1. Could you tell me which numbered condition residue 243 fails, if it satisfies all but one of (1) in a strand (DSSP E or B); (2) under 22 Å from residue 431 (Cβ atoms)?
2. So in the stretch 311-330, with the set limited to residues that are surrounded by fewer than 18 Cβ atoms within 10 Å (Cβ to Cβ) and in contact with a strand residue (DSSP E or B) (Cβ under 7 Å, 6 or more places away or on another chain), which one is farthest from residue 255 (Cα to Cα)?
3. Considering each residue of the stretch 126-155, count those that are crowded, with 17+ Cβ neighbours inside 10 Å, more than 18 Å from residue 208 (Cα to Cα) and modelled with pLDDT of 75 or more, and give that number.
4. Within the bounds of the stretch 368-389, is there any residue that is touching a strand residue (DSSP E or B) at 6+ places or on another chain (Cβ under 6 Å), at pLDDT 95 or above and not in a strand (DSSP E or B)?
5. Kindly indicate whether residue 471 is over 24 Å from residue 578 (Cα atoms) and under 22 Å from the mean Cα position of the chain (by Cα).
6. I want to confirm something. Restricting to the stretch 428-442 and keeping residues that are touching a helix residue (DSSP H, G or I) at 6+ places or on another chain (Cβ under 6 Å) and buried (at least 21 other Cβ atoms within 10 Å of the Cβ), which single residue is farthest from residue 537 (Cα to Cα)?
7. Filter the stretch 204-218 down to the residues that are in contact with a helix residue (DSSP H, G or I) (Cβ under 9 Å, 6 or more places away or on another chain), at pLDDT 95 or above and in a strand (DSSP E or B) and list them by number.
8. Sort through 624, 602 and tell me the only one that's part of a helix (DSSP H, G or I) and crowded, with 20+ Cβ neighbours inside 10 Å.
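The values are calculated or read from the model by the stated rules, or taken from the named source; none is laboratory data. The structure displayed is predicted, hence computed values, not measured ones. Cβ sites come from the backbone with ideal geometry, for glycine too, and all protein chains shown count toward neighbours.
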């Protein structure tokens, strides 16, 4: 069925194909489609798109003849997500870089997030609760309020002092109150207060009509977490101590009688709202501690569960969605078929289909016409070109722990075809995971002729709490050794060249690349670090010392109060004179996840070395969400690799 449009006008469903581009531009391009959302009545479709090199929203009329609309991000902002709370408005979220005055530390840089509504009738936008200009996270749309087409419920934490209330996330948490407002989608203003509570309230859980059901409290000093019913007396139904990782409530189950909740030690569970009883969720043979709920954003109901093996997978509680998915799996040829969005009647669906290592295809299924057609493909492949093969492998770390990894090989290569120059590319997080999906960065290096190893070292997600906790204390030691062990495995198997290899990565992966050069100085030929952490303990300096955030990072890194030698041993900037490999470092100036100053610290430490290069990406955040920044990264790092790790293939003995 791929590429066949049945009952759908091709001109209305896809932007014109880009003219032929060279391979770097293809790999650097933002996804042509990165999300989808059908309006509740199915009359309109919104897709995340990138026709001008930045994340935008394409809006299609599926039942009329309106031209395609393009919703851009406001100047200086980045669109990160969207959904339909009703038929007349689309809500989308925008991140922007700002500097704000705080109570304690003066001027600081922050990424602020705002929810914006777009009116289909007028084509105008409104910032929701836009009067609270000083709040960094004003994005909590907690209910669609399905009985009110022009309203949503939003949650805000306010700082309270003796004289006034002010929107802030920076005040003393003991002088805060959490408020849920009824907000107009037409003008963004609040129309009334739905719920309020002072003190340690973390958030409220509302039903689809905007009625508060649960209240979540958390004491940051002690780590005590408690859930209360929002009824007379606010009875507590669940509690526990969670000093590092908090539980998370996802959505309603059993027609609103229970909620799905992720518990750090037990994974996904079901919490009975009336009794507080916690029970396991069982769906076939899938380990639910590795699954996450699929929540219908319109009504907040859990309709199924997502998990992954080599690719994303889904299981549905909703019988209609389950039946449609099963039918689609018999029609489409891709290995992974997942449902991306649907309208309220389930008569129209957007389907995401993937093969290992290949860009995703998005299809539109219209049950009213029987049409199934290709909407768009994540990336355009140049004519006559092919994409790297992607293979899941396993190896044993030096202490006996099994590590899973993904290996990308040059297009047309077979696993044992010869000894390739190797780039080891650890993921960020570090509590993240590399899977079989298309990876534009790794695929580009493979297209140049490199083998690219992406290890899921201990501390990664995807294998449960025990594997995550195996990484605690190993931030700059044992986790790095897992990465190096993967290199040795490929060398012993005759896939990678003996001797030198390069290390590359972003965020924690950039840090890991630098630490790999320190822990394997004779093996690393070059280092490529994007937004890499170079002073990990300095990252904690702006946080409250008793906060869960600090406790979380100290679980991985070790205490800030460990001896000075240990702290220096896992700090690349402090050991810069020991880094013998050439270094290329790139960083977004508007990065507030790993602040720009982290690169400057390394630059100061390596000042004057001719084999280092530092590149500032003006206007870029942490997430490489502009095509210009991706092109710079690939162009700079591709040339750097060719210089320090020439490609030529060496035949296997």
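1. Only one criterion in (1) in a strand (DSSP E or B); (2) under 22 Å from residue 431 (Cβ atoms) is unmet by residue 243, namely (1).
2. Looking at residues that are surrounded by fewer than 18 Cβ atoms within 10 Å (Cβ to Cβ) and in contact with a strand residue (DSSP E or B) (Cβ under 7 Å, 6 or more places away or on another chain), I get 329.
3. Here the count works out to 4.
4. no
5. Yes, satisfied.
6. 428
7. Correct list: 213 only.
8. Unique residue meeting the criteria: 602.
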